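Trainee: My questions all concern the structure below.
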Amino acid sequence: MPLITQPNLYESGQRYFQAYTPGDDFYEALIETHQGLTDEQSTAVNARLILLLSNHIGDIGVLREAMRIARGNF
């Protein structure tokens, strides 16, 4: 399964009339998740989120591709 890099966000049962709305909803939820946290707590939440979502994806090849793309030219 190749890594999906095009917008692919949705919420089950929700109808969207503009393509960017699901992404905006996700970004808002992500920001809310970090509100009131210290930098250290926020970093820990990010690490937990990465591990949870990686486990959900499960495909090591897809995860390696995502890490390669995320690292970019650093």
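Trainee: How much of the accessible area of the chain, probe 1.4 Å, is carbon plus sulfur, in whole percent?
Mentor: Of all accessible area on the chain, carbon and sulfur atoms account for 57 percent.
Trainee: While we're here: Counting C-alpha atoms alone, how compact is the chain: give Rg to one decimal and Dmax as a whole number, in angstrom.
Mentor: Gyration radius and largest Cα-Cα distance of the chain: 14.5, 39 Å.
Trainee: Taking the solvent-accessible surface of protein heavy atoms with a 1.4 Å probe, what is the per residue accessible area of the chain in Å²?
Mentor: 91
Trainee: Tell me, Kirkwood radius of the range 1-41 from alpha-carbon pair distances, in Å? Before the final figure, lay out the partial values.
Mentor: Working: mean 1/r = 0.0812 Å⁻¹.
It is 12.3 Å.
Trainee: Then there's this: Grab the other residues whose beta carbon is less than 14 angstrom from that of Glu32, score K and R as +1, D and E as -1, and report the net.
Mentor: Result for the local shell: -3.
Trainee: Quick one: how many Å² of Ser12 are accessible to a 1.4 Å probe, rounded to 10?
Mentor: 110
Trainee: Kindly sort His56, His34 by accessible area of their heavy atoms, largest first, with the probe set to 1.4 Å.
Mentor: Accessible-area ranking of His56, His34, largest first: His56, His34.
Trainee: Quick one: net charge of Glu65's neighbours, Cβ under 13 Å, K/R +1, D/E -1?
Mentor: With Lys, Arg at +1 and Asp, Glu at -1, the neighbours total +2.
The values are calculated or read from the model by the stated rules, or taken from the named source; none is laboratory data. Remember, predicted model here, so these are calculated numbers, not experimental data. FYI the Cβ positions are ideal-geometry reconstructions off the backbone, even for glycines, and counts take in every protein chain you see. Surface accessibility is based on the protein's heavy atoms, side chains included, excluding ligands, DNA and RNA. Shrake-Rupley method; radii C 1.70, N 1.55, O 1.52, S 1.80 Å.
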